[in-house]
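Where a number appears in this text, it was derived from the coordinates with a stated rule and is not lab data. This one's a predicted model, so the numbers in the text were calculated from it and none came from an experiment. Here Cβ is always computed from backbone atoms with ideal geometry, including for glycine, and neighbour counts include all displayed protein chains.
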Amino acid sequence: MNNLSRPLEGKKALIFGVANERSLAWGIAQQLKEAGAEIALTYLGESMERRVRPLGEKLEATLIEPCDVQNEKDLDALFSKVQSHWGTVDILIHSIAFAQKEELEGRFIDTTAKGFGLALQVSAYSLVELSRRCEPLMPNGSRILTLSYLGAEKVVPNYNVMGVAKAALEASVRYLASDLGEKKITVNAISAGPVKTLAAVGIRDFRKMLSEAKEKTPLKETIEPEDVGALASFLCGPGGKRITGTTLYVDSGAHIMGA
């Protein structure tokens, strides 16, 4: 029986999206490690490796591997290594999103077809791709988690095509949960409040959005990556075994407020 203080002892967590120590994925990785999970991290490109590898080493990660989710060869190589090192994957964390900077300002109506397709492929379809590749490696009771934002359901200035991509992501969560439910694999999304991450600062006027967010929430405070990590650890543990197809909020209550 697992120690109550380490409910994820013996579990193997494959985490996509750690960029630096402010990443939501890093907050999740730390909490999963603390709960007893064994960690594998991916990174995109050499410049990102310089940031991610030292973080992975702090967590004694089993694997720290390159992976561009748009590159079939990268995915093949990664999952070959995961299978040979672990054999199974108990937890998949998807914290990947991208849109071209010019698509995150001005009017949504001016979104280009190329920009629209790229945002949806990287930010939403990649969850489907990774889930499909993980499924054969996942035993009953495994967990899949992704990261969303309020812009999936409300209009957020300058979020534009990323809001549409996050809406597609949340819909994908529901369909994947239905597909994988018979195998007792849960699929959920965490909708986090604004945090000063590497990805977020690419949104025009993000700093203004962050400063205003504090006063607009019932708790009158913003969140930290560890808040997201705490919920992720719960969902990946015994308490999350019958929660699936759901978007849960960690945003100090911002999602309940009207205009």
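Here MET257, MET138, MET162 are placed in order of increasing Cβ neighbour count within 10 Å, fewest first, which gives MET257, MET138, MET162. Each of LYS81, LYS33, LYS101, LYS166 has some number of other Cβ atoms within 10 Å of its Cβ, and from fewest to most they run LYS101, LYS81, LYS33, LYS166. Count Lys and Arg as plus one, Asp and Glu as minus one, and take only other residues whose Cβ is under 11 Å from that of GLN31; the net charge is then -2.
Can you give the convex hull volume of the alpha carbon atoms of the stretch 73-142 per residue, in Å³? Please report the intermediate quantities before stating the final value.
Values: hull volume 7.4 nm³, N = 70.
With only Cα atoms used, the stretch 73-142 gives 106 Å³ per residue.
Among ARG107, ARG133, the order by Cβ neighbours within 10 angstrom, fewest to most, reads ARG107, ARG133.
Around ALA40, what is the net charge, scoring Lys/Arg as +1 and Asp/Glu as -1 over all other residues with Cβ under 15 Å from its Cβ? Display every interim value, and only then the final one.
Details: positive: LYS11, LYS12, LYS33, ARG53, LYS58, LYS81, ARG133, ARG143; negative: GLU38, GLU49, GLU57, GLU60, GLU65, ASP74, ASP90.
Charge balance near ALA40 sits at +1.
Springs join every pair of Cα atoms under 10 Å in this Gaussian network model of the chain, and among THR247, THR222, THR111 the largest mean-square fluctuation is at THR111.
Could you compute Rg(Cα) / (2.2 N^0.38 Å) for the stretch 12-250, with N its residue count? Before the final figure, lay out each step's value.
On the way: Rg = 16.9 Å, N = 239, 2.2 N^0.38 = 17.6 Å.
Taking the Cα Rg and dividing by 2.2 N^0.38 Å, one obtains 0.96.
Modelled label positions at SER80 and ILE256, each set 7 Å beyond Cα in the direction of Cβ, lie 5.1 nm from each other. Among residues other than GLU21 with Cβ under 10 Å from its Cβ, the summed charge is +3 (Lys and Arg +1, Asp and Glu -1).
Is the stretch 31-82 best put as rounded, prolate or oblate by its Cα gyration tensor, with a ≥ b ≥ c the root eigenvalues, rounded for a/c under 1.5, and otherwise prolate when a/b is larger than b/c, oblate when not?
Details: a/c = 2.68, a/b = 1.48, b/c = 1.82.
Oblate is the answer for the stretch 31-82, as a/c is 1.5 or above yet b/c matches or exceeds a/b.
Restricting to Cα atoms and excluding each atom paired with itself, what does the Kirkwood estimate give for the stretch 1-105 in Å? Evaluated on the stretch 1-105, it is 14.4 Å. Normalised by the number of residues in the chain, the average gap of Cα pairs under 8 Å and 6 or more apart makes the relative contact order 20 percent.
When the Cα atoms of the stretch 210-259 are enclosed in a convex hull and the volume is divided per residue, what value in Å³ results?
Spelled out: Cα convex hull of the stretch 210-259, divided by residues, is 91 Å³.
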